[in-house]
1. So which residues in the range B:44-64 are more than 8 Å from DNA strand C (Cβ to nearest atom) and surrounded by fewer than 21 Cβ atoms within 10 Å (Cβ to Cβ), if there are any at all?
2. Would you check which residues across the range B:41-64 are more than 7 Å from DNA strand D (Cβ to nearest atom) and either in contact with a helix residue (DSSP H, G or I) (Cβ under 6 Å, 6 or more places away or on another chain) or within 14 Å of chain A (Cβ to nearest Cβ) (or both) and list them?
3. Does the range B:180-204 hold any residues that are free of Cβ contacts under 8 Å to residues at least 24 places away in the same chain, more than 9 Å from chain A (Cβ to nearest Cβ) and in a helix (DSSP H, G or I), and which are they?
4. Six or more apart or on different chains, Cβ atoms under 9 Å: show the pairs whose first residue is in the range A:68-92 and closer than 29 Å to residue A:116 by Cα and whose second is at pLDDT 95 or above and not in a helix (DSSP H, G or I).
5. Residue under question is residue B:29, and the condition is that it be touching a strand residue (DSSP E or B) at 6+ places or on another chain (Cβ under 9 Å) and either within 16 Å of DNA strand D (Cβ to nearest atom) or under 21 Å from residue B:173 (Cα atoms) (or both); does it hold?
6. Of the residues in the range B:108-139, how many are touching a residue at least 60 places away in the same chain (Cβ under 8 Å) and under 20 Å from residue B:37 (Cβ atoms)?
7. Mind listing just one residue for me: the one in the range B:147-160 that is in contact (Cβ under 8 Å) with a residue 24 or more places away in the chain and touching a helix residue (DSSP H, G or I) at 6+ places or on another chain (Cβ under 6 Å) and, of those, nearest to the other protein chains (Cβ to nearest Cβ)?
DNA sequence: ATGCTGAACATTCAAGATAATGTTCAGCAT
DNA sequence: ATGCTGAACATTATCTTGAATGTTCAGCAT
């Protein structure tokens, strides 16, 4: 008669985690990670602070989950550009770099609190940013290999080249630098960098 | 080189300025900028703290002069590499990048105090780092133009390309990043970046 | 006049006290 | 048994205040 009311990963529990993350995310975005207390998050979820610890190891763990989600979003943007397979690889590389720049600049300008949170969490949990970098590296590898496959690019060592590209666009990936110039200046620079890289990658 | 805009006073005064800078430099290197007091610098020079203000506007001004000197040293290293005109431009570009990396890493590892001072001063006086960047940009322009003149390079826009190169080696220029990897990893990356850039610059 | 100083003043730093927050857990309610 | 809480405890942040330091200037010595 009754359908099963529980499972291996009980859905109520998942729901609660999501509710907590949503509440915490809103607080963090509005007031920052440090200024948000566990008690406040708990109140938003109509529960006690102690109860939060049944779903997350601690505050940093909540922050880490949110930071991961932010980085995943960032990654998804890049992925979407890379997988526009109807476009030439060269154009996609160009778009990837400008996408990364525009996202970094945008977050820095419009969501400073979230940005501050991501930075703080990544400071405390280096593996998160490592994972993100690795994933982004793999996306660039995918793009380069596709370019080679299509005879657009000629690349001796794809791994090395992907690393070189990642390194070369550091300025556009680190929020800290965003205060140095306005977006137009950055875009001009990004285009110069892409042009320089492409002239080295293209097959002739 | 950074122009000294601070004084055109006679040579005995310059001597005192030099003595003060030397004393301050030693203290800053050993104890850091913040932990060094004007009174201590003054005592090292057998004078009163008040007398320091006859030669420098304030403590930051002393720090600025020393920071400029550090950046001038850095610049001189690059200049020396660029002006090894018996070497191919490509090789010189390679050496410039590795020189910058090695110097950044070395200062970070061996002179953390001085490094901290330069960073602090540059935070307070952005024009110092701007001047340094401009000078370095010009050196790279010089190198690129030389490469073009010798028919090694083919470069549509030297200014843009020099900017692109400066941008692409950000990771190797900023002390803050030095904690991310060990020197070998950085050198490997630097070589990849140089190779990528060179394959774009070289005439074929 | 010139070069310098000691003392005064303004600002920053640091140590200790206090409050706020993060975390844990025994125990209550269902 | 399970889910949750209030209270206790540990850690971290904030505030306060005296001391240290940066800076200025009237006045002394040459």
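The values are calculated or read from the model by the stated rules, or taken from the named source; none is laboratory data. Just so it is clear, the model here is predicted, and its values are computed rather than measured. Cβ placement follows ideal geometry from the backbone for every residue including glycine, while neighbour counts extend to all protein chains displayed.
1. B:44, B:45, B:57, B:58, B:59, B:60, B:61, listed by residue number.
2. Across the range B:41-64, the qualifying residues are B:41, B:42, B:44, B:45, B:48, B:52, B:55, B:56, B:62, B:63, B:64.
3. B:184, B:185
4. Once the first residue is closer than 29 Å to residue A:116 by Cα and sits in the range A:68-92, its partners that are at pLDDT 95 or above and not in a helix (DSSP H, G or I) give A:81/A:87.
5. No: the conditions fail for residue B:29.
6. Qualifying residue count, the range B:108-139: 7.
7. To start, the set of residues in the range B:147-160 that are in contact (Cβ under 8 Å) with a residue 24 or more places away in the chain comprises B:147, B:150-155.
Imposing the further condition that a residue be touching a helix residue (DSSP H, G or I) at 6+ places or on another chain (Cβ under 6 Å) reduces the set to B:147, B:152-153, B:155.
On the way: B:147: 14, B:152: 15, B:153: 11, B:155: 9 Å.
Ranking the candidates gives B:155 first.
This table checks each residue for (1) assigned by TED's automatic domain parsing to the domain that holds residue B:152; (2) at pLDDT 95 or above; (3) within 11 Å of DNA strand C (Cβ to nearest atom).
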{"residue": "B:11", "(1), (2), (3)": "no, no, no"}
{"residue": "B:38", "(1), (2), (3)": "no, yes, yes"}
{"residue": "B:77", "(1), (2), (3)": "yes, yes, no"}
{"residue": "B:85", "(1), (2), (3)": "yes, yes, no"}
{"residue": "B:88", "(1), (2), (3)": "yes, yes, no"}
{"residue": "B:92", "(1), (2), (3)": "yes, yes, no"}
{"residue": "B:99", "(1), (2), (3)": "yes, yes, no"}
{"residue": "B:112", "(1), (2), (3)": "yes, no, no"}
